[in-house]
Amino acid sequence: MAGTITFEPEDRYNAFLTHGKNVSHGSGKLAGVAVAIKDNITTKDIETTCASKILKGYVPPYDAHVIGLLKAEGAAIVGKTNMDEFGMGSSTENSAFGPTLNPCDTSRVPGGSSGGSAAAVAAGMVRMALGSDTGGSIRCPASFCGIVGLKPSYGRVSRYGLIAYSNSLEQIGPLGKTTTDVSTLMSVIAGYDRHDTTSQNKPYNHTPDAKIKGLKIGIPQEYFGKGVDPQVGDVVKRAIGRLEELGATTVPCSIPSMEYALAAYYVTCTCEASSNLARFDGVRYGPAPDTKKPWHDAYTEVRSAAFGTEVRRRIMLGTFALSSGYYGKYYAKAQVARANVRADFNRIFKDVDVIAGPTMPTVAFRLKEKSDPLSMYLADILTVPANLAGIPAISVPCGKSEGMPVGLQIMGRMFEDERIVDVAYAYEQAVS
């Protein structure tokens, strides 16, 4: 997108929610840099709603670990960004605040669930933003909006203060206009946090390097097969060809477990959502329950009214999959499939340094185009494997199809986030 869009009050971008305030310190790595925060990351004294009516009025008494790190480096936290409610969606249409629009084409979605963060960066409202990625929620909007988005290795960034949707999959990560900005933001938020039992002592102190001569890139056949728009595939293949011109070599490979990855992902995340969202009852915040009614009736009414359709759907699916007689049939099998995905990546990474392919199977679709849940779920087919395996993945703009941005996704070994950042940077420098 050329230039910067000016947002008027009547515009329906909703890149920012109505709550937020400037928090800036005078010195540090991010001194004076405007950073937007996805609305599922807790911010002290700033309302945090997960774009849901059930959390209306919730003002956290503490900062998420990443927010404390941003403040320590002088970042100006300018507001909270719109999202799919509780991170459940790939378009940012599932929000109590209404949809966010794509700055590249306002008739299209920005992707999700971190669509507000991506739109804010793409429109020039902020230089950087934080999102969270459970099954592609950073990389999808980065691809659709033509910016860079990184899902770090699981455990490399503290999840303390991230309102949980699916604990074993989700990870906070950076979005920015350039790979350098994303790398800078990553250097601030990565590292060990004693408040998070999944946190690893893996700080990130890296300056992107464009030298990739001799790098081996795996090209999975499944990433260019059924369901992937041929035009998107062609754009990505040309981008990979550019990496070959820089000295990298490509190696064909296969991820057979891709056949089961999407199903394993949705069983896992809905089961975890069923458990995580059980605590939201309307008693402390959100719409007040009718206390004259029996607790069960009041609880049911509040949750039915305050949770959106997609959130209710996933809670019910997860509750069913965990119920007596179905746990082994669904959840246990999903974990076997997840282990197979991880094993496939480990096998491939014995022969290659990174894996590359499209981030999304299509360009950004039009608002309300994917009205049935299944078609929306299928949009995640190329991003969920990295979450199931816990490996790092980055999306970098690599061209256009139908006049809309296409993202090149680069995945790496666990805790080799620096390597995929280098590959993204090398491509970015080669085409700039």
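Within the range 231-287, being in contact (Cβ under 8 Å) with a residue 60 or more places away in the chain, within 30 Å of residue 299 (Cα to Cα) and not in a helix (DSSP H, G or I) holds for 280, 282, 284, 285, 286, 287. Per the conditions (1) within 28 Å of residue 271 (Cβ to Cβ); (2) out of contact with any strand residue (DSSP E or B) (no Cβ under 8 Å at 6 or more places or on another chain), the sole criterion not satisfied by residue 151 is (2). Entry remark, the range 38-83: residues being part of a loop (DSSP other than H, G, I, E, B) and within 19 Å of the chain's Cα centre (by Cα) number 11 in total. Against the definition (in contact with a Gly (Cβ under 7 Å, 6 or more places away or on another chain) and not acidic (Asp, Glu)), how does residue 311 come out, yes or no? Judged against the criteria, residue 311 is not a match.
When 363, 396 are checked against the criterion of being touching a residue at least 12 places away in the same chain (Cβ under 8 Å), closer than 18 Å to residue 138 by Cα, in a strand (DSSP E or B) and under 18 Å from the mean Cα position of the chain (by Cα), a single residue qualifies: 396. For residues that are farther than 22 Å from residue 415 by Cα and either of a type in the set (Ser, Thr, Tyr) or at pLDDT below 95 (or both), tally how many sit in the range 323-369. Within the range 323-369, residues that are farther than 22 Å from residue 415 by Cα and either of a type in the set (Ser, Thr, Tyr) or at pLDDT below 95 (or both) number 10.
Screening residue 49 on (1) modelled with pLDDT of 95 or more; (2) of a type in the set (Ser, Thr, Tyr); (3) more than 22 Å from residue 160 (Cα to Cα) shows it passes everything except condition (3). Residues in the range 200-226 that are of a type in the set (Ser, Thr, Tyr) and surrounded by fewer than 19 Cβ atoms within 10 Å (Cβ to Cβ): 207 alone.
Which one is surrounded by the most Cβ atoms within 10 Å (Cβ to Cβ), of the residues in the range 30-46 that are within 23 Å of residue 113 (Cβ to Cβ) and among the aliphatic types (A, V, I, L, M)? The extreme case among them is 37.
Residue-wise test of (1) buried (at least 24 other Cβ atoms within 10 Å of the Cβ); (2) over 27 Å from residue 406 (Cα atoms); (3) touching a strand residue (DSSP E or B) at 6+ places or on another chain (Cβ under 7 Å).
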site: 143; (1), (2), (3): yes, no, yes
site: 158; (1), (2), (3): yes, yes, no
site: 167; (1), (2), (3): no, yes, no
site: 178; (1), (2), (3): no, no, yes
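The C-beta contact set for the range 73-86 (first residue more than 19 Å from residue 31 (Cβ to Cβ) and of a type outside the set (Ser, Thr, Tyr), second residue modelled with pLDDT of 95 or more and part of a strand (DSSP E or B), distance under 7 angstrom, 6+ apart or interchain) comprises 80/37; 80/43; 80/46; 83/38.
Residues that are under 19 Å from residue 258 (Cα atoms), under 24 Å from the mean Cα position of the chain (by Cα) and not small (Gly, Ala, Ser) within the range 313-335 comprise 331, 335, listed in sequence order. Residue 335 fulfils the conditions (1) farther than 19 Å from residue 168 by Cα; (2) polar (S, T, N, Q); (3) part of a helix (DSSP H, G or I) except for a single criterion, (1).
Filtering the range 20-28 for residues that are of a type in the set (S, T, N, Q), at pLDDT below 95 and within 19 Å of residue 114 (Cα to Cα) leaves an empty set.
Counting residues in the range 203-222 that are among the basic types (Lys, Arg) and part of a loop (DSSP other than H, G, I, E, B) gives one or more. One residue is enough: does the range 360-377 have a residue meeting the conditions crowded, with 19+ Cβ neighbours inside 10 Å and closer than 25 Å to residue 251 by Cβ? Taking every residue of the range 360-377 in turn, at least one turns out to be crowded, with 19+ Cβ neighbours inside 10 Å and closer than 25 Å to residue 251 by Cβ.
The values are calculated or read from the model by the stated rules, or taken from the named source; none is laboratory data. Keep in mind it's a predicted model, so treat the numbers as computed, not measured. We place every Cβ from the backbone using ideal geometry, glycine too, and count neighbours over all the protein chains shown.
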